[in-house]
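The values are calculated or read from the model by the stated rules, or taken from the named source; none is laboratory data. In this text, all values refer to a predicted model and were calculated from it rather than measured experimentally. Ideal geometry is used to build each Cβ from the backbone, glycine not excepted, and the neighbour counts take in all protein chains shown. These area figures cover heavy atoms from the full protein model, side chains too; ligands, DNA and RNA do not enter into them. Shrake-Rupley method; radii C 1.70, N 1.55, O 1.52, S 1.80 Å.
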Amino acid sequence: MQTLFIFIGVLSFPLLIYSIKLVINQLKLKEISVFDLTEKTKDFEITKNGIHAICMLGISSDFKISGLEASIITPNGKQINLTENLIRYSSLRKRVKTVEQWKFETNQNGKHTLFIKNLDDYISKNPILKSGKPFSNRKIETKSLKILVKQSVSTKHRLISIIGLVLGINGSFWGIMLGINPNLFG
C-alpha cells in the first residue's frame, strides 16, 4: 500500500510542474494597448499571432456589461467577431480590477481596429453600473471605464492549470505523506 501512495505522490509531481509552467506562461502575457471606453476609434498593433482578450479596466466580474457588441477589423479589412467569455476572469492590473470580457484569435500581425457598436446608447442607458453581488452597493460610472487589449490563453489551458495545481499539490503531498507513514490517521 505504501508503494501505491508513493507512486501517486511521484506521479502527481510532473502534473504540478506542468501546471506551474502554464501559470508562469499566463503571467508573462503582454498588454497591447489601453483605451478610454468613450474613444471612438481604438487602433492597436498586434505583433504576435494567437489568442487575445479585450478586458474592462475598473470593474470586477460581479459587474455585468451586457448589450455591447464588439468586432475587430484586421489590416486586410476582414472582420473578426469577438466571443464573450463564459467564465469572466478577474485580475489586478496596476492595482486596478480588470475583467476579461471578450476573446478573439488572429493570424495576422499589424494594425487592428476595435469597434464597439451601440456604445453611445449603452452609456446613455447605463450611466452607472451596479454590482451584481447581493448586499453590495458598489457603483461605477460607465464613462470612467477603460479597455485593455492583451494576449491571452484559451479557457482549456486556464482550467488545466488550475485543476493541475490542485491535483498536483494534493497528490504529491498526500501521496508522499501516506507513503512514508500509512498509519498517519490511526
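Count charges around Ile46 for me, please; just the other residues with Cβ under 15 Å from its Cβ, Lys/Arg as +1, Asp/Glu as -1. Can you show the working numbers first?
Values: positive: Lys30, Lys42, Lys48, Lys78, Lys103, Lys111, Lys150; negative: Glu31, Asp43, Glu45, Glu105.
Residues close to Ile46 contribute a combined charge of +3.
Please work out the average accessible area per residue across the range 70-159, using the 1.4 Å probe convention, and give it in Å².
On the way: 5570 Å² over 90 residues.
Accessible area per residue, the range 70-159: 62 Å².
Leu165: net charge of surrounding residues, Cβ under 14 Å, Lys/Arg +1, Asp/Glu -1, itself excluded?
Details: positive: Lys21, Arg158; negative: none.
Value of the local net charge: +2.
Given a 1.4 Å probe and every protein chain left where it sits, what share in percent of the accessible area of the chain is carbon and sulfur?
Numbers: 6830 of 11440 Å².
Of the solvent-accessible surface of the chain, carbon and sulfur hold 60 percent.
Between Asn85, Asn49, Asn137, find the one with the highest GNM mean-square fluctuation for the chain; connect C-alpha pairs within less than 10 Å.
Of the options given, Asn137 has the highest mean-square fluctuation.
Using alpha carbons only, how many degrees (0 to 90, rounded to 10) separate the axis of helix 2-27 from the longest principal axis of the chain?
The angle comes out at about 20 degrees.
Rank Phe185, Leu145, Thr155 by how far each Cα sits towards the positive end of the charge dipole of the range 136-186 (+1 on Lys, Arg Cβ; -1 on Asp, Glu Cβ) and give me just the farthest.
Leu145
Using Cα springs under 10 Å in a Gaussian network model of the chain, which residue among Phe44, Phe135, Phe13 shows the largest mean-square fluctuation?
Phe135
From the cross-link list Lys21/Lys146; Lys21/Lys117; Lys48/Lys156, which pairs have alpha carbons spaced over 28 Å apart?
On the way: Lys21/Lys146 30 Å; Lys21/Lys117 38 Å; Lys48/Lys156 20 Å.
Too far apart for the 28 Å limit: Lys21/Lys146; Lys21/Lys117.
Going by average Cβ density within 10 Å per residue, which order do the peptides 166-177, 21-32 take, highest to lowest?
Working: 166-177: 16.1, 21-32: 12.7.
Going by the mean number of other Cβ atoms within 10 Å, highest first, we get 166-177, 21-32.
Aspartates and glutamates within cross-link reach of Lys28: Cα-Cα under 19 Å, excluding same-chain residues under 8 positions apart?
Filter leaves Glu45, Glu100, Glu105.
So if I restrict to the alpha-carbon atoms in the range 1-150, what is the Rg, and what is Dmax, the biggest pairwise distance, in Å?
My reading of the Cα-based Rg and Dmax gives 19.4, 67 Å.
Under unit Cβ charges (Lys, Arg +1; Asp, Glu -1), what dipole magnitude, rounded to 20 debye, does the chain have relative to its Cα centre? Working shown, then result.
Numbers: 26 positive and 13 negative charges, 67 e Å.
Using only the charged Cβ atoms, the result is roughly 320 debye.
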